[in-house]
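Below you'll find the structure, written out as structure tokens, and then a few comments.
The values are calculated or read from the model by the stated rules, or taken from the named source; none is laboratory data. Please read all numbers here as calculations on a predicted model, not as lab measurements. Here the Cβ positions follow ideal geometry from the backbone for every residue, glycine too, while neighbour counts run over all protein chains shown.
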Amino acid sequence: MNNKTKRPKRTRGKKGLNAETVKELWSKTYNEEGKVDWSHILPCYDEDIYFRDSIQEIRGIDEFKAMYERLSKRSNSLRMNIVNVVEQGNIIFIEWEMTISFKKNPNSILYGSSRLTINERGKISAQRDYFDLWGDIFDNIPRFGKAYRKFMRKKFG
């Protein structure tokens with residue numbers, strides 16, 4: 001490499017996660033056997049991780065791992081399509097589409113986003129997920145999805 005060749009610029013000055021590595025890691029949700037697997041992502045989380053979404057609030061890596069294991073057991077397949085990743089300071093936002101196939105139901109697509117807070121050790125210390133779980137699932141049930149959306153518009157929109 002000569003002196004005039006520039007090296008790719010990292011988006012974070014310190015060791016740890018950045019927008020590029022998050023997009024790469026979160027795009028891979030399967031292991032070699034075709035099973036849902038987040039073992040490559042879990043080392044990115046701090047032991048004292050704080051996680052919250054529209055269903056639950058979790059503290060600590062053990063509870064966080066248990067949550068992922070429950071989701072893996074409930075689903076036949078799960079794919080993450082990372083639409084956008086934006087980094088500002090120690091915050092990384094991810095816009096995603098998660099296609100999940102539950103045991104006896106057709107595929108459902110959940111549209112959402114996650115806000116990751118990166119601590120001084122370069123690990124995720126907090127994650128807040130935002131999504132409309134019921135709306136995205138109900139949209140895949142014939143006739144029920146339209147009734148649900150009509151109800152939501154009438155009551156809240």
Cross-chain or 6+ apart pairs with Cβ under 8 Å, the range 104-119 first and modelled with pLDDT of 85 or more and crowded, with 17+ Cβ neighbours inside 10 Å, then charged (D, E, K, R) and not in a strand (DSSP E or B): 112/132; 118/12
Residue within the range 46-53 that is in contact (Cβ under 8 Å) with a residue 12 or more places away in the chain, out of contact with any Gly (no Cβ under 8 Å at 6 or more places or on another chain) and aliphatic (A, V, I, L, M) present: no
Residue 39 vs. criteria loosely packed, with under 13 Cβ neighbours inside 10 Å and touching a residue at least 60 places away in the same chain (Cβ under 8 Å): no
Boolean, residue 129 is assigned to a strand (DSSP E or B) and among the acidic types (Asp, Glu): yes
Residue that is nearest to residue 20 (Cα to Cα), among those in the range 41-63 that are in a strand (DSSP E or B) and among the aliphatic types (A, V, I, L, M): 49
